[in-house]
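Engineer: Quick one: the structure is below, and I'll ask about it shortly.
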Protein chains: 2
Amino acid sequence: MAITLYELAGRDASRPFSPHCWKVRLALRHKGLDFETATAGFTEIPGLEGGFSKTVPILKDGDTLVADSFAIAEYLETAYPDRPTLFGGEGGHALSRFVESWTQRVIHPALARFAALDIHDGLSEPDQAYFRSSREKAFGTSLETFVADRAERVEPFLKSLEPLRAIVGKQAFLGGESPLFADYIVFGAFQWARVSSPFRFLPANDPVTAWFERCLALHGGEGKKVPAAA
Amino acid sequence: MAITLYELAGRDASRPFSPHCWKVRLALRHKGLDFETATAGFTEIPGLEGGFSKTVPILKDGDTLVADSFAIAEYLETAYPDRPTLFGGEGGHALSRFVESWTQRVIHPALARFAALDIHDGLSEPDQAYFRSSREKAFGTSLETFVADRAERVEPFLKSLEPLRAIVGKQAFLGGESPLFADYIVFGAFQWARVSSPFRFLPANDPVTAWFERCLALHGGEGKKVPAAA
């Protein structure tokens, strides 16, 4: 069966940047599955697969459609049980939700304050209008003001990574010697920033940086196929 | 074989308060194991079991001695594989370390600023001297100053619980419908504060409070056997 992953992209379709789509890309590689990708801008998503989902990723596997990155990982784990596991059992499945919760509440909001304007600048014109309007409403300020003090936000952000740093400074991945979907959850966030914004905030000597580089190298360097924003 | 758990206590031996010892207590109940407890003050720990460990918990199971709460959980999971699982497989084992890392770096330091002086006040005299000296050196200030602004620290602390709150507001435990060792890791921190300090900081309507109450009720109300500090 052919697998298609619908991803989010801006003007350059070769640079998908959604954190949630990157989680699924690595999950598919982790399972050793072949897949094609197709990209859509924010305002094109409602037109995908007959309006199946308001958000990407959307995975199409034969006749099956699944949206939401965590739901897609669950689908892959169930549909391809003989391939390498994404969760490492029921406990790993449950606790991956905590990693997701921490990532979305600690890392994502911080990275948005680094990259929001750069994300905007890379979008197609219709998407720029949508993005500016929806995000400025959500943030309560202009995109320009939202990211204006990003340099000062780096230090507290790096401090907030300590729970991750303490683990990946002692072992290769959150999953231990090899990665689990939990690693891809956190990786997706940093990859989102790497692909969409030239703003650099991870120090070279930070164990989190070394872990991120290990993630970028996984599965034939899947994450490196898209160069960092310059 | 007889199992003994060595716990930390102050002047009142019926009120063990170490977060790490509470994790093990619930882990033993989770496994359905009978055990006896013995308490020691901070300065008595080096005299336990021939100086086996500088810290409690120490678990003695027949001729086997194990120290460190996570190592004890691993020991129990291996030694009693037919009892209910603490990790739910290898993935849960690995990601429990992330829950531990988050708990020790986000929750413990915050609760120390609520409870440090109250902990001191409940200790035996030799332990008070040890505790004040070692903690004031670590904190870089007097215990009194360390906790002086605790009322103002409640709101940011509650905000920092959002990754936990988002999960336990939707499901009973971090482990899903039933608890895993990951729940006991976080529970231990809140139980430490509950037993050692009358300072209350969890709002009644907080999903974290409801989760903590569920943990207190587990295994025949093990956690409630010690009343909250008054």
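Engineer: On average, how many beta carbons from a partner chain sit within 10 Å of the beta carbon of a residue in A:177-183?
Structural biologist: What the average comes to for A:177-183 is 2.
Engineer: In the structure shown, do any of A:K170/B:K159; A:K54/A:K225; B:K23/B:K224; B:K23/B:K225 have a Cα-Cα gap over 19 Å, and if so which?
Structural biologist: Correct reply: A:K170/B:K159; A:K54/A:K225.
Engineer: Another question, then. For labels at A:F35 and A:D82 in the simple 7 Å Cα→Cβ model, what's the distance in nm?
Structural biologist: Each label point lies 7 Å from its Cα, and together they span 2.1 nm.
Engineer: If you don't mind, there's one more thing I want to ask. Please get the size of the charge dipole for the protein assembly as shown, origin at its Cα centre, with Cβ charges of +1 on Lys and Arg and -1 on Asp and Glu, quoted in debye to the nearest 20.
Structural biologist: Approximately 660 debye in magnitude.
Engineer: When a footprinting reagent is the concern and you count Cβ atoms within 10 Å, what order do A:K224, A:K170 take, fewest first?
Structural biologist: Least to most surrounded, the residues fall as A:K170, A:K224.
Engineer: Further question: What's the Kirkwood radius of segment A:3-79 in Å, using all Cα pairs?
Structural biologist: Hydrodynamic radius (Kirkwood, Cα only) of segment A:3-79 equals 12.3 Å.
Engineer: Return, for the Cα atoms of chain B, the radius of gyration and Dmax in Å, separated by a comma.
Structural biologist: Using the Cα atoms of chain B, the pair Rg, Dmax is 17.1, 49 Å.
Engineer: For A:P227, go 7 angstrom from Cα along the Cα-to-Cβ vector, then report the distances to that same point in the other copies in nm, smallest first.
Structural biologist: 7.0
Engineer: Within 10 Å of each residue's Cβ, count the other Cβ atoms and sort A:S142, A:S196 from fewest upward.
Structural biologist: Lowest count first: A:S142, A:S196.
Engineer: Let me ask another. What 222 nm value per residue comes from the helices of the protein assembly as shown, counting each DSSP H run with n ≥ 4 as -39,500 (n - 2.57) and dividing by all residues, nearest 500 deg cm²/dmol?
Structural biologist: Theoretical 222 nm ellipticity from helices: -16000 deg cm²/dmol.
Engineer: If you put a point 7 Å past Cα along the Cβ direction, how far is that point for A:E155 from the same point in each other copy, in nm, smallest first?
Structural biologist: Once sorted, the set of distances for A:E155 reads 2.4 nm.
Engineer: Which of B:V154, B:V56, A:V66 has the fewest other C-beta atoms within 10 Å, and how do the rest follow up to the most? Each step should come with its number before you reach the end.
Structural biologist: Values: B:V154 16, B:V56 26, A:V66 20.
Lowest count first: B:V154, A:V66, B:V56.
Engineer: Calculate, in whole percent, how much of the Cα-Cα pair population of the protein assembly as shown lies beyond 33 Å.
Structural biologist: The calculated P(r) of the protein assembly as shown puts 42 percent of pairs beyond 33 Å.
Engineer: Follow-up question, since we're still on this one. Roughly what % of DSSP beta bridges within the protein assembly as shown run antiparallel, to the nearest 5?
Structural biologist: Antiparallel bridges: around 65 percent, rounded to the nearest 5.
Engineer: Ranking request for peptides B:92-102, B:71-81: highest mean number of other beta-carbon atoms within 10 Å first, then the rest in descending order.
Structural biologist: Result, highest mean first: B:92-102, B:71-81.
Engineer: Counting only DSSP beta bridges with both residues in segment B:1-88, tell me the antiparallel percent, nearest 5.
Structural biologist: The answer is about 60 percent antiparallel.
Engineer: Let me ask you something else. In peptide A:155-163, how many Cβ atoms from other protein chains are near each Cβ within 10 Å, on average?
Structural biologist: Average per residue, whole number: 2.
Engineer: Can you tally the net charge around A:G41? Count Lys and Arg as +1, Asp and Glu as -1, for every other residue whose Cβ sits under 10 Å from the Cβ of A:G41.
Structural biologist: -2
Engineer: List the residue from chain A whose beta-carbon is nearest to the axis that rotates chain A onto chain B, together with that distance in whole Å.
Structural biologist: Of all Cβ atoms in A, the one closest to the rotation axis yields A:G89, 1.
Engineer: Alpha carbons only, please: Rg and Dmax for segment A:189-230, in angstrom.
Structural biologist: When restricted to Cα atoms, segment A:189-230 yields Rg and Dmax of 10.0, 26 Å.
Engineer: Please report Rg (one decimal) and Dmax (integer) in Å for the Cα set of segment A:90-224.
Structural biologist: Final numbers for Rg and Dmax: 15.8, 45 Å.
Engineer: Name the residue from B:P46, B:S69, B:F17 whose Cα lies farthest towards the positive end of the charge dipole of segment B:3-79, charges +1 on Cβ of Lys and Arg and -1 on Cβ of Asp and Glu.
Structural biologist: B:F17
Engineer: Within chain B, what percent of beta bridges assigned by DSSP are antiparallel, to the nearest 5?
Structural biologist: Antiparallel bridges make up about 65 percent of those DSSP assigns within chain B.
Engineer: Would you kindly derive the ³J(HN,Hα) couplings of segment A:188-196 from the backbone phi angles with the Karplus curve 6.51 cos²θ - 1.76 cosθ + 1.60 (θ = phi - 60°), listing them in order in whole Hz, with x for Gly and Pro?
Structural biologist: With coefficients 6.51, -1.76 and 1.60, one gets x, 5, 5, 5, 3, 5, 4, 7, 9 Hz.
Engineer: Within a 10 angstrom radius of each residue's Cβ in A:98-106, how many Cβ atoms of other chains show up on average? Whole number is fine.
Structural biologist: Average per residue, whole number: 6.
Engineer: Once you have a ≥ b ≥ c as the square roots of the Cα gyration tensor eigenvalues for segment A:148-230, tell me rounded if a/c is under 1.5, and otherwise prolate or oblate according to whether a/b is larger than b/c.
Structural biologist: Cα axes put segment A:148-230 in the oblate bin.
Engineer: Let me ask something else about it. Can you list the distances in nanometres, one decimal and ascending, from the B:S133 label point to the identical position in each other copy, with the point 7 Å along Cα to Cβ?
Structural biologist: Label-point separations across copies, in nm and ascending: 6.9.
Values quoted throughout were computed directly from the atomic coordinates according to the rules given, and no laboratory measurement underlies them. Predicted model, so just to flag it, every value in this text is computed and none were measured. We place every Cβ from the backbone using ideal geometry, glycine too, and count neighbours over all the protein chains shown.
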